[in-house]
Structure formats: structure tokens, C-alpha cells
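Enquirer: Input: one structure, supplied below.
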Number of protein chains: 2
Amino acid sequence: MAKTKTRERVPRSSADPTRDRILAAAVDLFSERSFDAAATREIAARAGVTQPLLNYHYRSKDELWRAAVDSLFDLLERSMNDRVAEIGDGDELTAAKQRVREFITFSARNPQLHRLITQECKADSDRMDYLVERHVRPLYDRTVALFERLARDGAVPPVAPSHLYYILTGAGPTMFVLAPECRRLSGLDPESSEVIDAHADAVCLLLFGR
Amino acid sequence: MAKTKTRERVPRSSADPTRDRILAAAVDLFSERSFDAAATREIAARAGVTQPLLNYHYRSKDELWRAAVDSLFDLLERSMNDRVAEIGDGDELTAAKQRVREFITFSARNPQLHRLITQECKADSDRMDYLVERHVRPLYDRTVALFERLARDGAVPPVAPSHLYYILTGAGPTMFVLAPECRRLSGLDPESSEVIDAHADAVCLLLFGR
DNA sequence: GTCTATAATTAGATAGAC
DNA sequence: GTCTATCTAATTATAGAC
């Protein structure tokens, strides 16, 4: 595998370090607990501020949640774009494999994204609405279109693309979403590059045959 | 937090219909929300009783959660055993495929199980302890041992069994854990036998080559 | 911008009637 | 066994000092 340069996770600096610390704490706690179970007091404490300050920077807990979600998907999009820019032009299969690898690497380094999705998409709600229509659907549409082309070329097994989508988004991130469980069950460290690369290798082998 | 040491809880048909209704409501709400976000008042309402009655039947919210978890894993174990009994003796590959199919079918009909696991295994806690040591580890150990034998025979791609475990437990249930999202994104109905079978086919194709 | 103090609501658990 | 009434603690949001 080609040596990739380390991509820092620098959330777009909003020129306000306090806002950024609050946002980072919100991402962590909303994804680890859930919207209702994440107390604003605890988010504030992790950000090193007092609880009422959250209501100064964000109108409500709900608005803070939306800002947290936006920042996470923004980070994903920039990571994927960086990787796409790196590979330049090659055949579609090679590009697809690179996208899958980047997706898995991102999910390993930012398990919050899939934790948030599984948190909110188990039942219909306003938050699921926001998440799906604003962020997930564009990704789903692009991924399904890609799998359709790959299946036509025989580059991927003959499986309906929606199933491939849930196979990829399940098989890729689950080991990292459940990192604490994985550590205890297997003794592996899901944060290490070795394990991340091995998992990306495994998923690509299953999906693309190599 | 005092650790209750209750012995011999039998979550099967407990001959007490009220207890059973409470337990079913608890399974649904704990898995859909999370431990903290699931209000005992709401569990009671769904079971058609008043909130203080939960504390009559179960010492605390925590004990109710444990009983709910036990009943879910009990159901899984009985479903897997029934399927194993059906196939009787054949080669190990055929048996393995049957186990995978049954696991996926069960996950589709009872998405609460993986919802609960992803809920609680994102961070270390007493509940994760209970879940992993009491219920998940035995399943993990058996699954990893099976994948090890299959990989030796070349029946499964040459991938470390812990990775295969998280690929299977991710790729199998995710479509059903996120059923409301899947319905909206794809238009498919993840509760229909057609979709369930198609997903089981897809995962088996990826995992076993057919 | 960030704090302290507090209001309004809701949580899980208990007491006691029936 | 199931209810009503209620206690205590914790929740988000607001008011107002600095």
C-alpha cells in the first residue's frame, strides 16, 4: 500500500477557539452518548467552560447538535476530496478502491460520525431528517451510482447497490465504532495504523477480490 | 453504584404477562434510545402500566436493563440452536453458511440486539462490562474459532478472524439497525423477507464466494 | 465573552392506599 | 399486584453582574 501522508484533523478554524472547543466536545459527547443522554453541563465541562456559555454561542442544545453534525460531515468531505485529488486520474476501479480505503481510514480516526448516524437513524425524528436529507443522501447517491458502474464492469460482485452500500458502511466502521469492545474481545488496538490498514485490506479483498 | 447480584433470572415466558410486557417495552426503548435517554415512564406507558410498577417488578432501572438484555440474547441463542438442529450434520462450510443466514435473519427481525450493543459498547462502563463478558464474548469466541477453521480450508478469504467478525457483525445487521434510514434512502423495506433474503445472499456471496 | 444564580421541567425511586 | 402522590436530584434555558 502506498504511504499516505498524515492528514491532520483540523476542523475549519472558525477564528473562535472557544466555539471550536465547544463544538469538539459536543461531537464527542453526542456521538458517545446520544442527544438526550448528553448533558450540556458535561459538554461544557469537557470544553472547559460553564454550561450557560453554550446558550450564548448556540441558541439551543438542538442547534449545537446541528453544528456538531455539520462539522463532522465537513471533515469527511474534505478528507475524501484530499484523497481524490491525490490519486488524480486512473481507472475507475483503482479510484473506487482508494475511496473505500479513505472512507475506512476516516471512520477509524473519527468513529463519531457513524456513532452519530446509528444514534439518530434508528427511528424517525427531526434530527434524522436533518442528518439524512442534508448529509447522508448525497453520499448514498454517489456511492450507489459508483457501485452500479462497478457491478456493470464486473469489478464488484453482482449485488444490488443498496445492499453493497449497507455492507460497506457496516463492515467498514463497525470495528472502530465499537473500539472499546473490540479491544477487550480481540486484544487488538483499533486506533493503530496496522489494524486500520489490515481492516481496509480485508474489506477491499471481500469487495473487490483484491 | 451497587452491583446487584441477582441469581437465576429466567427471561423466557415467565408466566407473568405483565412482567413480559414490561420487558418487551424495555427492550424496544432501551435499544431505540439509550439507557439514559429511555425514560422509565415511557417504558411503563408502552407496557400499559404506571411508572412505579417497574420498581415493583425490578429493583431499579439498571436491573430492568439487564433483564432486557438477557431476554434478547436468550432469544438469539434459541434461534441459532433451532437452526442448527434443522440442518443436522453436513460439511462445516454448509453449516457455517446456515449460521450466517440465521444470524442475519435474526438481526433483521430483532434489530434491537445490535442497537443495544452499539449503544453500550462505544465506551467502557458497567453496562458494557455486563454485555461483553456475559453475552458477547462467548459468541465472539465461537465465531472466531469457526472463521479460523474455514480460513484454513480456504472456504473464506485469508483474513484475520477478528476482522472477519467485525465485517460480519457490521455488514449483516447495519441495514436493519438503520431500517428507517434505509427505507428513506433506498425505498426498500428492510422488514420484508425479500430484502432480508437478498441481504443474506449478498453477505454470503462476499464472505463465501457463493 | 464569560461568569453566578436560578427558574421551570422532568427524571428515578419510595410511601402507602386499596 | 397496581395505583396515586410525592421526594430528591438533575435537566436546559434565562437573567443579570462583571
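Enquirer: Yes or no: A:A123 of a type in the set (G, A, S), more than 23 Å from A:F176 (Cβ to Cβ) and part of a helix (DSSP H, G or I)? Walk me through it before giving the result.
Expert: Numbers: of a type in the set (G, A, S): yes; more than 23 Å from A:F176 (Cβ to Cβ): yes; part of a helix (DSSP H, G or I): no.
It is false that A:A123 is of a type in the set (G, A, S), more than 23 Å from A:F176 (Cβ to Cβ) and part of a helix (DSSP H, G or I).
Enquirer: Would you mind telling me which numbered condition in (1) part of a helix (DSSP H, G or I); (2) within 10 Å of chain A (Cβ to nearest Cβ); (3) more than 26 Å from B:D70 (Cα to Cα) B:A151 fails?
Expert: (2) is the only condition that B:A151 fails.
Residues are listed down the side, and each one gets a yes or a no for (1) more than 14 Å from chain B (Cβ to nearest Cβ); (2) modelled with pLDDT of 95 or more; (3) within 11 Å of the chain's Cα centre (by Cα):
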{"site": "A:N81", "(1), (2), (3)": "yes, no, no"}
{"site": "A:V84", "(1), (2), (3)": "yes, no, no"}
{"site": "A:G88", "(1), (2), (3)": "yes, no, no"}
{"site": "A:R101", "(1), (2), (3)": "yes, yes, no"}
{"site": "A:I104", "(1), (2), (3)": "no, yes, yes"}
{"site": "A:A108", "(1), (2), (3)": "no, yes, yes"}
{"site": "A:H114", "(1), (2), (3)": "no, yes, yes"}
{"site": "A:A123", "(1), (2), (3)": "no, yes, no"}
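Enquirer: Does A:S162 count as of a type in the set (G, A, S) and over 25 Å from B:L168 (Cα atoms)?
Expert: no
Enquirer: Could you name every one of the helices (runs of 4 or more DSSP H) located completely within the stretch A:33-120 that has at least 1 residues being within 9 Å of DNA strand D (Cβ to nearest atom)?
Expert: The qualifying helices (runs of 4 or more DSSP H) are A:40-47, A:52-57, A:61-87.
Enquirer: In the stretch A:174-194, how many residues are surrounded by fewer than 23 Cβ atoms within 10 Å (Cβ to Cβ) and either more than 20 Å from B:T174 (Cβ to Cβ) or in contact (Cβ under 8 Å) with a residue 24 or more places away in the chain (or both)?
Expert: Of the residues in that region, 11 qualify.
Enquirer: Can you name the residue in the stretch A:16-55 that is among the β-branched types (V, I, T) and within 16 Å of A:Q112 (Cα to Cα) and, of all such residues, is farthest from the other protein chains (Cβ to nearest Cβ)?
Expert: A:I22
Enquirer: Still on this structure: When you scan the stretch A:107-125, do you find a residue that is farther than 30 Å from B:L116 by Cα and among the basic types (K, R), even just one?
Expert: There is no residue in the stretch A:107-125 that is farther than 30 Å from B:L116 by Cα and among the basic types (K, R).
Enquirer: Determine which single condition B:L146 fails, assuming it passes every other condition in (1) under 28 Å from A:S125 (Cβ atoms); (2) away from every other protein chain (no Cβ under 11 Å).
Expert: Result: B:L146 fails condition (1) only.
Enquirer: Assuming B:L75 fulfils every condition listed in (1) farther than 30 Å from B:L207 by Cα; (2) free of Cβ contacts under 8 Å to residues at least 40 places away in the same chain apart from one, which condition is it?
Expert: Result: B:L75 fails condition (1) only.
Enquirer: With the structure loaded, tell me whether A:G154 is free of Cβ contacts under 8 Å to residues at least 12 places away in the same chain and more than 22 Å from B:Q119 (Cβ to Cβ) or whether it fails that test.
Expert: yes
Enquirer: Across the stretch A:72-91, what is the number of residues that are surrounded by fewer than 19 Cβ atoms within 10 Å (Cβ to Cβ) and in contact with a Leu (Cβ under 7 Å, 6 or more places away or on another chain)?
Expert: The qualifying residues number 1.
Enquirer: Can you spot a residue in the stretch A:105-112 that is in contact (Cβ under 8 Å) with a residue 24 or more places away in the chain and among the charged types (D, E, K, R)?
Expert: Within the stretch A:105-112 (the criterion being in contact (Cβ under 8 Å) with a residue 24 or more places away in the chain and among the charged types (D, E, K, R)), the answer is yes, since at least one residue qualifies.
The values are calculated or read from the model by the stated rules, or taken from the named source; none is laboratory data. Since the structure is predicted, the reported quantities are computational estimates derived from the model, not experimental observations. Cβ sites come from the backbone with ideal geometry, for glycine too, and all protein chains shown count toward neighbours.
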